[in-house]
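Engineer: Dumping the structure here so I can ask a few things about it.
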Amino acid sequence: MGRLFVYGAAVVSVVLLSLIYVILAAGAGDGTPVGGDDEILGTIEVRAFDIGFDPTRVQVAAPGRYTVSFFNDGTVLHDLTFADGTVFQAEPGQAANGEVVIPAAGLTFLCSVPGHADGGMRGEVTVAGEGAATPAPTGAEELRDLDAARTAQFPAETEGKGNQILEPVVQADGTKEWDVTASVIQWETEPGTVLEAYAYNGTVPGPQLRAEVGDRVRIVLHNELPEPTTIHFHGLVVPNGMDGVPVISQPAVMPGQSFTYEFTLRNAGSHMYHSHFMADHQVPMGLLGAFVVTDPNATDEPAADIDYTMILNDGPLGFTLNGKGFPATQPIVVTQGQTIRVRYMNEGLQIHPMHLHGIPQLVIAKDGYLLPDPHHEDTVLVAPGERIDVLVEATELGAWAYHCHILTHAESANGMFGMVTALIVQEP
Ligand SMILES: [Cu+2]
């Protein structure tokens, strides 16, 4: 399957190739040994914009010391942080200059402002081969290999897995109870990228809660964050006092305090729970989860072999599907002939058009309500706060790319990242 997917990925990537290969010849091109430590071999020029670098690939003729000319064309603060720790920071419209030493193996760089590197602000300085008379025209091959190396890691192992179903503790009176603790954690979004996150029960997304219409449920929130918080049950019809909005319907839950939410489930569907305190910060940081309610008496519920919840998020943790960025996203693996119900839930601050290659998606529900006229789409737009349910009939064999079609959420100079996964349809 790996090979199939690498092939598909390569096709997607070709579109970007011409945009991102730039040679910035610097210093002597004859491969002569570098002189004294202080000799300046040339200048590396990099401009930042919102949100990316130009160029993302810089080739120098030899290892050694270079002048750096960094300019911020963007509207927010950006920096140019090299892997050896050398940093150039510039406010919008400002320049920063200095020097960096490029080792023979080259040096990667990124913008260290939270979210920017995962948004695509990454690049690399490479050194032309020893003795090469001119920089070799191998850019396309290097790009192919960079992209292939990254995609070959898929699905990569990382620490922690979010959105796992948490069984409730059923009380004597039948009430289904969950304890949910909010705390600060370290979360590995992709191999080697470990970021500070806010989490329910230690994972991003938090545990998936599932129950039925008519169930009495109790969610006990424990706040171990250094900030106040609350939980809002997004999409569920609840009594006003259980709606989770500070001041409007309850006091903020202070650090060290707990708050008990209790209500009877009235409406089925794909719903969510998330923070409603500084939600612009706490939700992108990870205080979110799925709350799926089924109706045991429903007669119009479409049948599916696999029920898969895909939570979309963006912000300080990057562009993520169920808390992970490609290649650490997990593929959906099915057998030909099976039907998959995908419940998209957008907890992010941006829209994400989710495109599945190869097989159309039958859109069956919006915000938990079944549509009277299900229809096919190949790209399903999911706006912030929305839940869209689709059915996919796994008719076509193979590994099918499955990604957000805002391509800066899915592709970069270093290959695919962020909101990319695959639907893998195997032979029966
Ligand atoms: Cu997107």
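The values are calculated or read from the model by the stated rules, or taken from the named source; none is laboratory data. Please read these numbers as outputs of a predicted model, since none were measured by experiment. Because the Cβ atoms are built from the backbone with ideal geometry, glycine has one as well, and the counts that use them run over all protein chains shown.
Engineer: Within region 260-275, identify whether any single residue is modelled with pLDDT of 95 or more and either outside the structural domain of Arg218 (by TED's automatic domain parsing) or within 16 Å of the ligand (Cβ to nearest atom) (or both), and answer yes or no.
Structural biologist: no
Engineer: Give Leu407, Leu397 a once-over and let me know the one that is more than 14 Å from the ligand (Cβ to nearest atom) and either touching a residue at least 12 places away in the same chain (Cβ under 8 Å) or more than 12 Å from the chain's Cα centre (by Cα) (or both).
Structural biologist: Going through Leu407, Leu397 in turn, just one is more than 14 Å from the ligand (Cβ to nearest atom) and either touching a residue at least 12 places away in the same chain (Cβ under 8 Å) or more than 12 Å from the chain's Cα centre (by Cα) (or both): Leu397.
Engineer: Can you name the residue in region 134-165 that is assigned to a loop (DSSP other than H, G, I, E, B) and more than 23 Å from the chain's Cα centre (by Cα) and is also modelled with the highest pLDDT among such residues?
Structural biologist: Filtering first and then ranking leaves Thr138.
Engineer: Looking at Thr67 and the list (1) outside any loop (DSSP other than H, G, I, E, B); (2) under 29 Å from the mean Cα position of the chain (by Cα); (3) surrounded by fewer than 22 Cβ atoms within 10 Å (Cβ to Cβ), which single condition is not satisfied?
Structural biologist: (2)
Engineer: Which members of region 412-428 meet the condition of being over 28 Å from His271 (Cα atoms) and in contact with a strand residue (DSSP E or B) (Cβ under 8 Å, 6 or more places away or on another chain)?
Structural biologist: Selection gives Ser412, Ala413, Asn414, Met416, Gln426, Glu427, Pro428.
Engineer: So for region 412-428 (the condition being more than 16 Å from the ligand (Cβ to nearest atom), farther than 19 Å from Lys324 by Cβ and assigned to a strand (DSSP E or B)), does at least one residue qualify?
Structural biologist: Looking through region 412-428, at least one residue is more than 16 Å from the ligand (Cβ to nearest atom), farther than 19 Å from Lys324 by Cβ and assigned to a strand (DSSP E or B).
Engineer: If you scan region 351-369, which residues turn out to be outside any strand (DSSP E or B) and farther than 23 Å from Gly418 by Cβ?
Structural biologist: Selection gives Pro360, Asp367, Gly368.
Engineer: Have a look at Val334, Val363, Val390 and point out the one that is crowded, with 20+ Cβ neighbours inside 10 Å and more than 12 Å from the ligand (Cβ to nearest atom).
Structural biologist: Val390
Engineer: On the given criteria, is Ala401 closer than 27 Å to Arg57 by Cα and touching a helix residue (DSSP H, G or I) at 6+ places or on another chain (Cβ under 8 Å)?
Structural biologist: Judged against the criteria, Ala401 is a match.
Engineer: Restricting the search to region 90-133, which residues are modelled with pLDDT of 85 or more, surrounded by fewer than 18 Cβ atoms within 10 Å (Cβ to Cβ) and under 25 Å from the mean Cα position of the chain (by Cα)?
Structural biologist: If the condition is that a residue be modelled with pLDDT of 85 or more, surrounded by fewer than 18 Cβ atoms within 10 Å (Cβ to Cβ) and under 25 Å from the mean Cα position of the chain (by Cα), then Thr108, Ser112 are the ones that fit.
Engineer: List the number of the failed condition for Gly241; all other conditions in (1) surrounded by fewer than 21 Cβ atoms within 10 Å (Cβ to Cβ); (2) outside any helix (DSSP H, G or I) hold.
Structural biologist: Result: Gly241 fails condition (2) only.
The rows are residues; the columns are (1) modelled with pLDDT of 95 or more; (2) within 27 Å of Gly202 (Cβ to Cβ).
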site	(1), (2)
Asp300	no, no
Asn313	yes, yes
Leu321	yes, yes
Gly325	yes, yes
Leu349	yes, yes
His352	yes, yes
Pro360	yes, no
Leu370	yes, no
Thr379	yes, no
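Engineer: Could you tell me how many of the residues in region 202-238 are closer than 25 Å to Asp173 by Cα and either surrounded by fewer than 17 Cβ atoms within 10 Å (Cβ to Cβ) or not aromatic (Phe, Trp, Tyr) (or both)?
Structural biologist: So the answer is 21.
Engineer: Does Ala182 satisfy being on the phi < 0 side of the Ramachandran plot and at pLDDT below 95?
Structural biologist: No; evaluated as a whole, the condition is false for this residue.
Engineer: A follow-up question, please. If you take the residues in region 244-278 that are among the small types (Gly, Ala, Ser), in contact (Cβ under 8 Å) with a residue 12 or more places away in the chain and in a loop (DSSP other than H, G, I, E, B), which one is surrounded by the fewest Cβ atoms within 10 Å (Cβ to Cβ)?
Structural biologist: Looking at residues that are among the small types (Gly, Ala, Ser), in contact (Cβ under 8 Å) with a residue 12 or more places away in the chain and in a loop (DSSP other than H, G, I, E, B), I get Gly256.
Engineer: While we're on this one: Across region 394-411, what is the total count of residues that are under 29 Å from Met121 (Cβ atoms) and in a loop (DSSP other than H, G, I, E, B)?
Structural biologist: Residues in region 394-411 being under 29 Å from Met121 (Cβ atoms) and in a loop (DSSP other than H, G, I, E, B): 3 in total.
Engineer: Select from region 232-267 the residues that are over 23 Å from Asn346 (Cβ atoms) and among the acidic types (Asp, Glu) and list them in ascending order.
Structural biologist: Matches in region 232-267: Glu262 only.
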